[in-house]
Amino acid sequence: MSEGRVIKQEANFYSVAHEEQVYLCTMRATLKKGGEQIKVGDRVQLEELEAERPVISDILPRISELPKPAIANVDQVLIVMSCLQPDFNFLLVDRLILEVLYEGLTPVLCISKSDLMDDDLKEFLAEEYAEFPHFFVSVDEDKGLKKLIKQLSDKVTVLAGASGVGKSSLINRLNPEIQLTVGDVNQQGNGKHTTRHVSLHRIGLGKHSGWLADSPGFNNIKLAPIDPGDLGTFYPEFQPFLGQCAFNNCVHWHEEGCAVKENIDTETERYYNYLRLYEEAEEGFRQRVDAGKEEALTKRAVGKNQRDQVLKLGTAGRARSRRVHRQIIEQVGNWAELDEEDIEELTPDEWRI
Ligand SMILES: Nc1nc2c(ncn2[C@@H]2O[C@H](COP(=O)(O)OP(=O)(O)OP(=O)(O)O)[C@@H](O)[C@H]2O)c(=O)[nH]1
Ligand SMILES: [Mg+2]
Ligand SMILES: [Zn+2]
């Protein structure tokens, strides 16, 4: 018996990679009767490899499952962001990192078009994202690709990133057999792109080749239903100091005796965007409560596969929300002549000065 990886599905046929070969297989009838569904990314047992149509006789346990794109056993998400053209979007990157961690996957940052940046920008980005695996890559100048390929080997990776950052160029370079259109604006618009059959492409050669999903994931802009009070647990830079703050419900914003703020560099984009995302998480939380559900189901940072916790927006939550608004007022500083209601309607983008 041999083991393989499902890389494509069409109707009742599955393309399964086993060593250097790809076999077009069918599913064993008994497996089908058992109600099993094979997904792209699945590791499967193959029988009758020498036959014209090998069969999949079993599906090995999955380590993860993504609903969109529908793919099993994803190890990591490669967040591609250009350093320039378009400008590096810190908030988008932090949001994507958050979503990826929330799904229990590993975020890997690929800073593309590195031929366009100077040493200062490189140093700045490397400091901001020191906590995460990050790669500076230039497809045009053929730089950083070997290291990136090493990070992708033996793993299943899904891409994420905004338009125009160089995803297609990167995939083309990593696997010259795929030729995606470069420079085309995605005509299908946000989220409407429904590739029914996502497929995986081999990256690198030999035994340790990795697999890259051809359809981008993690492009939804709405924040996952994270309890605002838990947001800090998704920040590896906060981790060593969590639990040491004076208040045990500290959200590391303006509290006295906050061990996180005392120890991390708060003059960073990462920390600034933490505050913006905190606001968003809180807004989402309030909406879930207002949506008529008496209790908002929230997920704790331990991962969604573990027991969900039920929380109500009680006095503490409301107090926190008032504090947050006071903070916004402080942030707008010289806009202080605006009345409070106007300020509350400002979007996070507007209150950055
Ligand atoms: N300077 C520079 N430009 C690059 C590099 N990689 C890609 N580009 C350019 O960036 C533009 C967009 O590249 P694409 O690969 O189409 O970007 P994409 O992320 O696939 O864009 P969408 O398909 O719209 O999401 C093209 O004009 C590329 O030539 C690079 O390493 N350096
Ligand atoms: Mg593209
Ligand atoms: Zn704190």
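Laboratory data are not the source of any read-out in this text; all were calculated from the coordinates shown. These figures come from a predicted structure and were not determined experimentally. Cβ atoms come from the backbone with ideal geometry, glycine included; neighbour counts cover every protein chain shown.
Here are a few things to note about the model shown:
- Measuring against 21 Å, Cα to Cα, the residue pairs K68/K207; K8/K222; K113/K143; K8/K32 contain K68/K207; K8/K222 as the ones spanning a longer distance.
- Measuring how big region 2-61 is from its alpha-carbon positions, Rg and Dmax come out at 10.1, 31 Å.
- Distance between region 1-40 and region 86-162 - C-alpha centres, whole angstrom: 32 Å
- Positive-end ranking of Q21, Q37, V55 along the dipole of region 2-61, with charges on Cβ about the Cα centre, is headed by Q37.
- For region 2-61, a simple Cβ point-charge model (Lys and Arg +1, Asp and Glu -1, everything else neutral) yields a dipole of about 340 debye relative to the Cα centre.
- Label point distance in nm, S2-V22, each placed 7 Å from Cα along Cα→Cβ: 1.6 nm
- Between amide H atoms placed 1.01 Å from N, distances below 5 Å from V40 occur with A72, all of them 5 or more places distant or on a separate chain.
- Rounded to the nearest whole Hz, the Karplus-based 3J(HN,Hα) values (6.51 cos²θ - 1.76 cosθ + 1.60, θ = phi - 60°) of region 17-25 follow the sequence 8, 9, 6, 8, 9, 10, 10, 8, 10, with x at glycine and proline.
- A cut-off under 9 angstrom between Cβ atoms defines the neighbours of L60, and their net charge, with Lys, Arg +1 and Asp, Glu -1, is -1.
- Amide H within-cut-off set for C110, under 5 Å, with H built and near neighbours excluded: I79, V80, M81, F135
- Close amide H contacts of L46 (hydrogens built in the peptide plane, cut-off under 5 Å, sequence separation of 5 or more or a different chain): S2, E3, G4, S57.
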